[in-house]
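Data first, discussion second: the structure below is written as structure tokens.
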Amino acid sequence: MNIFRLLGDVSHLLAIIILLLKIWKTRSCAGISGKSQLLFALTYTTRYLDLVTNFVSVYNTFMKVVFLAASYATIWLIYMKFRATYDQNHDTFRIEFLLLPVTILSLVANHEFTLIEILWTWSIYLEAVAILPQLFMVSKTGEAESITSHYLFALGSYRGLYILNWIYRYYMESYYDLIAIFAGILQTVLYCDFFYLYITKVLRGQRLQLPA
């Protein structure tokens, strides 16, 4: 544990809280990609299979349970509780274009060819691109509510902080994981355009608009 990982986890948790509060308070999931949330749920489910086999710490277990519970709660809110407000006409990203290459890559580039390790690797690659349906949806509609923008910014910050975490661990512990680093950098790059627009517009009180 180091300050960058802690701040990354806090940013990740903040993103989830912002999203859940947005849906619950407005009684609407408008502007939220159900497909991205499904991909995140798949990510956490396959990554945290070790919950039943390997205990690391109370903190580690608590955060994993929170992320899993929050992911499935979000899906329930989108597809069940507030289904009538879900904008499926704009949430049209073809997620099979993500699942297929992620699956192939996880079978080819992994640390060990075992089921648990392949699923863990699959989750790492999938998380890197899971936000694409949400970014595509925002781009398609042409704008995003401030609360949705705050969610995306917090989520992107989480990945950026985790890159600093890997740098810290490399220099302080001589430890690195090329798969996690590659996926983290890719995910952060996907947010770059959004970060620029967020800083220049949302923080000035303007409604964020992305080019279609």
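The values are calculated or read from the model by the stated rules, or taken from the named source; none is laboratory data. Please read all numbers here as calculations on a predicted model, not as lab measurements. Cβ: placed from backbone, ideal geometry, glycine included. Neighbour counts: every protein chain shown. Surface accessibility is based on the protein's heavy atoms, side chains included, excluding ligands, DNA and RNA. Shrake-Rupley method; radii C 1.70, N 1.55, O 1.52, S 1.80 Å.
The table for this structure:
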| quantity | calculated |
| --- | --- |
| Matching entry among Val56, Val102 (being at negative phi and not in a helix (DSSP H, G or I)) | Val56 |
| Residue list for segment 1-53, filter: open to solvent by less than 50 Å² (accessible area, probe 1.4 Å), in a loop (DSSP other than H, G, I, E, B) and among the hydrophobic types (A, V, I, L, M, F, W, C) | Cys29, Ala30, Ile32 |
| Residues of segment 56-90 classified as touching a Lys or Arg at 6+ places or on another chain (Cβ under 7 Å) and open to solvent by 30 Å² or more (accessible area, probe 1.4 Å), total | 1 |
| Checking Val52 against (1) more than 21 Å from Ala128 (Cα to Cα); (2) modelled with pLDDT of 95 or more; (3) not polar (S, T, N, Q), the condition it does not meet | (2) |
| Cβ-Cβ under 8 Å pairs, at least 6 apart or on other chains, segment 148-173 side at positive phi and in contact (Cβ under 8 Å) with a residue 40 or more places away in the chain, far side open to solvent by 30 Å² or more (accessible area, probe 1.4 Å) and part of a helix (DSSP H, G or I) | none |
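Yes/no matrix, rows are residues, columns are (1) among the aromatic types (Phe, Trp, Tyr); (2) in contact with a Lys or Arg (Cβ under 8 Å, 6 or more places away or on another chain); (3) under 20 Å from Leu68 (Cα atoms):
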residue: Ile95; (1), (2), (3): no, yes, no
residue: Pro101; (1), (2), (3): no, no, no
residue: Ser106; (1), (2), (3): no, no, no
residue: Ile131; (1), (2), (3): no, no, yes
residue: Ser149; (1), (2), (3): no, no, no
residue: Leu155; (1), (2), (3): no, no, yes
residue: Tyr158; (1), (2), (3): yes, no, yes
